[in-house]
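Taking it in order: structure first as structure tokens, then the write-up.
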Amino acid sequence: MKSPRDKRRDNRAQPPRKGGSAPTPVRPRDEPRPVATAESAPESNAAARKIVRREGALPAERLPVILEVAPNDDYALLDSGNGEKLEQYGPYRIVRPEGQAIWQRALPAKEWNNVDAVFTGDTDEEGMGRWRFPKAPLGETWPMRHDGIDYLGRFTSFRHVGVFPEQASHWDHMAGLIRDARRPVKVLNLFGYTGLASLVAARAGAEVTHVDASKKAIGWARENQEIARLTDKPIRWICEDAMKFAEREERRGNAYDIILFDPPAYGRGPKGEVWQLFEDLPALTDICRSILTPKPLAVVLTAYSIRSSFFAIHALMRDTFAGMGGVVESGELIIREKSAGRALSTSLFSRWLAK
């Protein structure tokens, strides 16, 4: 199952993600999807998988690891506070809600008022009505760039803009692994959303399989490939439930050198498959290990909007990759603010590295 912070899309359920009896805020990444409830949710696909603890020594560990994105010409967190954030995306200044910004703003009101788009959240749940444009009406999309890769930013009805800039730390690291391997590398991007990670991997020389349960997200991703002038790069775009796809790859004996997965807390696949993070993540992580090549490079897990510590996913990853050597790094992804230098934490992560 799949891909969006409050997050993403596809499998990413809408406002609520997966969790427990009291759902945590979700990070939807595109159109609204029904969320599983205790009364209606069918048993998850992973429930039947018997997971046996792996033998062998646990990988080495590094924690906490804080991966930081600093302001740059493509993106900058200009300021934050009072439950909101002021961002610069290419030519546009945008104000969006940010629940973790419980401090006071550093910039004066005139800076916060001089913006191109504000997510209001006080109008209809659907469509562009959730955005207000103080200067001039803007279209749904606008040109953006990450490290020389052109793509389209988008004003979605869930306050997201089609990209999660804090992921740049993972993208840069992955691109380095691909280039340094000096051999063909296969990358699997589960819950891939609008495709920036897939484009970065493909540009670095990898053969990429991009999976997302949202047809809309897949369409956006394919459009971004054209905008980025990377249509000659080998990317397979798969609209499917991430868990089912991974299980089928296991049965087929297909394998990957790098696996990225960024699951929602709650979600449904295209055929009503139910994803619940704490119930299903161990099984999907186990499958990810089983579909690695004999000489894998990395497995990267990111978790948004969950009531947990990174120690939980850190322990899961170390247990899952027991006997494989390498190291598990876990911590948080943060964005460094331009105004006062404060760090805005966006998500937890854990990644296994072969070296």
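Throughout, read-outs are computed from the coordinates displayed, never taken from laboratory work. Predicted model, so just to flag it, every value in this text is computed and none were measured. Cβ atoms come from the backbone with ideal geometry, glycine included; neighbour counts cover every protein chain shown.
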Using per-residue counts of other Cβ atoms within 10 Å, averaged over each peptide, order 80-90, 229-239, 155-165 from highest down. 155-165, 80-90, 229-239
Extension length gain for residue 136 and residue 103 (0.36 nm per residue less Cα distance), in nm, is 8.9 nm
Length gained when the stretch residue 70-residue 309 is fully extended (0.36 nm per residue, less Cα-Cα span): 83.7 nm
Compute the length gained on full extension between residue 254 and residue 180: take 0.36 nm times their separation in residues and subtract their Cα-Cα distance, giving the result in nm to one decimal. 24.4 nm
Taking θ = phi - 60°, what integer Hz values does the Karplus form 6.51 cos²θ - 1.76 cosθ + 1.60 yield along region 259-276, in sequence order, with x for Gly and Pro? 10, 10, 9, 9, x, x, 6, 10, x, 10, x, x, 10, x, 4, 9, 10, 10
Most packed first (mean Cβ within 10 Å per residue), the peptides 134-140, 254-260 order as 254-260, 134-140
Structure shown: which of 244/355; 85/215; 50/186; 186/271; 85/186; 110/216 lie over 32 Å apart, alpha-carbon to alpha-carbon? 85/186; 110/216
Region 71-141: radius of gyration over Cα atoms, expressed as a fraction of 2.2 N^0.38 Å: 1.10
Rounded to the nearest Å, what's the spacing between the alpha carbon centres of region 55-78 and region 278-344? Just the number, please. 10
What is the local net charge at residue 206, summed over the other residues whose Cβ is closer than 15 Å to its Cβ (Lys, Arg +1; Asp, Glu -1)? +3
Along the Cα-to-Cβ line of residue 207, 7 Å from the Cα, sits a label point; which residues in region 278-300 have backbone N less than 16 Å from it? 292-297
Using label points projected 7 Å from each Cα along Cα→Cβ, tell me how many nm separate residue 327 and residue 57, to one decimal. 1.5
